[in-house]
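A.B. asks: Structure in structure tokens, see below.
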């Protein structure tokens, strides 16, 4: 399991002129790698074969994938990035947007010496993954899109009339708030319905601990300006759909049964999955029962299934 006490790989160690031709990492590590004109933070979990490249959601970080990385159990390595404006990556005033994030990911992959890889994206990370596949097809051998990658024609709403916009507005408000400590931040999320009691685990705590900065008080690391800039692009479906039409590689869509909280309508109902398939006829669709948008990656059962599907796809691509 990832331990924040593990020594990180320093910024100087990952400058382009010092990157060895073959990097061998034997334990989970953190560091920085060049992006497109800035530095991106990363997490790396070792395993056999080319690493899976993992891209997180709107306000998250590479620690979103700690559970999946552990459930890969060394079968495949996982290389997760903090996108610009998030986590410990640089936070410029701009530019942002899916195309820019894809440029950053491509630069980071080349700096790490990675060739064609399976790209796994959760939520906003799925949009970045498809942008990367469209812009840099030589770097992408397969896609795993988790609860993201397509904008619904009509925003999903629950029985109170509150849907995606309301949930996102609340998340942006939370970015401005401070909390007395990391423990206080964890306890705040324990009171929320996003992580049911039965799904609370050390992965969730590691994810939340990394999400905030400072000692006392602490505040979420994600740049509000960057989040807002990316949101503006998310609701411009024409460009997103055009990118999808250009993708011909194996693609998995993994959907949570519920939205942001248990019992809420899913972000990707069957009708939206069918719409997705009009752009990607070869899409393989998987619906995960008893999961939310968050626990599909950080829940113990779901993380294991996601890891197995990634391995199956990787084995298929190798054969």
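None of the figures in this text is laboratory data; all of them are computed from the coordinates on show. Please read all numbers here as calculations on a predicted model, not as lab measurements. Using ideal geometry, Cβ is built from the backbone for each residue, glycine included, and neighbour counts are taken over all protein chains shown.
A.B. asks: Starting from the Cα gyration tensor of the chain, take the square roots of the eigenvalues, sort them a ≥ b ≥ c, and report rounded, prolate or oblate (rounded when a/c is under 1.5, otherwise prolate if a/b is larger than b/c, else oblate).
C.D. replies: Verdict is rounded for the chain.
A.B. asks: Where does each of 105-111, 143-149 land if you order them by average Cβ count within 10 Å, highest first?
C.D. replies: Order by mean packing, descending: 143-149, 105-111.
A.B. asks: Please compute, for the alpha-carbon atoms of the stretch 253-319, the extent along each of the three principal axes and give them in descending order in Å.
C.D. replies: 40, 31, 12
A.B. asks: Give the percent of DSSP beta bridges with both residues in the chain that are antiparallel, rounded to the nearest 5.
C.D. replies: Percent antiparallel among DSSP bridges in the chain is about 40.
A.B. asks: Based on the alpha-carbon gyration tensor of the stretch 195-249 and its eigenvalue square roots a ≥ b ≥ c, which shape applies: rounded if a/c is under 1.5, prolate if not and a/b is larger than b/c, or oblate?
C.D. replies: Note, shape of the stretch 195-249 comes out oblate.
A.B. asks: Let me ask something additional. Roughly what would the spin-label model give for residue 177 and residue 26, points 7 Å off Cα along C-beta, in nm?
C.D. replies: Taking the simple label geometry, residue 177 and residue 26 are separated by 4.4 nm.
A.B. asks: Hey, another quick one. Multiply the residue separation of residue 287 and residue 73 by 0.36 nm, subtract the distance between their alpha-carbon atoms, and state the gained length in nm to one decimal.
C.D. replies: Length gained, residue 287 through residue 73: 74.7 nm.
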